[in-house]
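Have a look at the structure below, then the notes.
The values are calculated or read from the model by the stated rules, or taken from the named source; none is laboratory data. Everything numeric in this text was worked out from a predicted model, so none of it was measured. Note that we place each Cβ from the backbone using ideal geometry, even for glycine, and neighbour counts take in every protein chain shown.
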Amino acid sequence: MLTNDKREFWRGFLAAEPRFAGDGIGSAVDGPDPPDVLCATLSGKKIGVELASWNESEQVQWRETRKSFEDSYLRIIESANHARPDRIGWVWLHPKRRQVKPEERSQFREELYEFLARESSLSDPEWDQPLGAAVQNFIGFPVIADYLDSLWIFPRRKLESLHAGHDWIKFENSVAISAPSWILGAVVDRILAKIADYEDRNLHVRHALDELHLVCRYSEQALLADVAPVASRFDFAAFALRVSRALANEHGVFNRIFLFNPYEAQKVLRVYPTWLAV
């Protein structure tokens, strides 16, 4: 049985996008939870719909967790105390989702600076262009390979104004300065948690579903929490595109995934299989 909040959520979503399944909905009843709703389309398809929301507390918790994660890397690296290699401007870190083990921190730091020194010595590196480029080949540097997906390196020739004493190895869109990044992280983590939770439930077979959809509702309170300056310039469509990119290869059992923002003129955006205003 749907709660009153979820029933309002479902009705709002269906009113905003009655053909979300690519066809009209002929009937809809409360699901066995999971999924929350069972639908039959006009063409006879059986669709399960799972409803998810994220709230202020989840968002704030994600921001605090992510900031702690970033700070753990920055404390190890301490790039403000290290001279930049001659040809490198700054570096963006793209770590995997785990912290460096205490016993490997020293080796991680040493390998990172050795790797960047080697990159700086190359005759024609791919990142030696105005916008820089990603570097992912960490062969010969096993510890940083364990912890980093990639580094984005910018050439120094375009960044002569950087001063000594400031960090030059950092995170792109750090949560310390960029509220949209931690909003994005909270949303993607909420969706990924649903994907992981439903991976082995075999709902397609158990309920004879043709498709299983996930709808994630965007909360106005979550958006406004601590980020009033951001809310005034929040671009829901651009945000949905970033979510879509993050989910490109991680949709799990869901055939379609939507974002639902009841406070926007365009209330429903599909973020999987591809970003789409539906």
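The figures follow:
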read-out: Filter result for PRO95 (loosely packed, with under 15 Cβ neighbours inside 10 Å and either assigned by TED's automatic domain parsing to the domain that holds ALA208 or not β-branched (Val, Ile, Thr) (or both)); value: no
read-out: Test result for ARG242, among the basic types (Lys, Arg), outside the structural domain of HIS94 (by TED's automatic domain parsing) and either under 25 Å from ILE47 (Cα atoms) or modelled with pLDDT under 80 (or both); value: no
read-out: Members of the stretch 98-144 found to be touching a strand residue (DSSP E or B) at 6+ places or on another chain (Cβ under 8 Å), surrounded by fewer than 17 Cβ atoms within 10 Å (Cβ to Cβ) and within 27 Å of THR65 (Cβ to Cβ), listed by number; value: ALA134, GLN136
read-out: Strands (runs of 3 or more DSSP E) lying entirely in the stretch 1-61 (those with 1 or more residues that are at pLDDT below 95 and closer than 19 Å to TYR218 by Cβ); value: 46-53
read-out: Per-region count, the stretch 62-84, residues in contact (Cβ under 8 Å) with a residue 24 or more places away in the chain and among the hydroxyl-bearing types (Ser, Thr, Tyr); value: 3
read-out: Unmet criterion (only one of (1) surrounded by 12 or more Cβ atoms within 10 Å (Cβ to Cβ); (2) at pLDDT 95 or above) for TRP90; value: (2)
read-out: Residues of the stretch 191-222 classified as in a strand (DSSP E or B), of a type in the set (D, E, K, R) and either surrounded by fewer than 16 Cβ atoms within 10 Å (Cβ to Cβ) or modelled with pLDDT under 95 (or both), total; value: 1
read-out: Selection within the stretch 72-112 - part of a helix (DSSP H, G or I) and over 23 Å from TRP127 (Cα atoms); value: SER72, ARG75, ILE76, ASN81, PRO102, GLU103, GLU104, ARG105, SER106, GLN107
read-out: Residues of the stretch 164-190 satisfying the condition of being modelled with pLDDT of 90 or more and either aromatic (Phe, Trp, Tyr) or under 13 Å from the mean Cα position of the chain (by Cα) (or both); value: TRP168
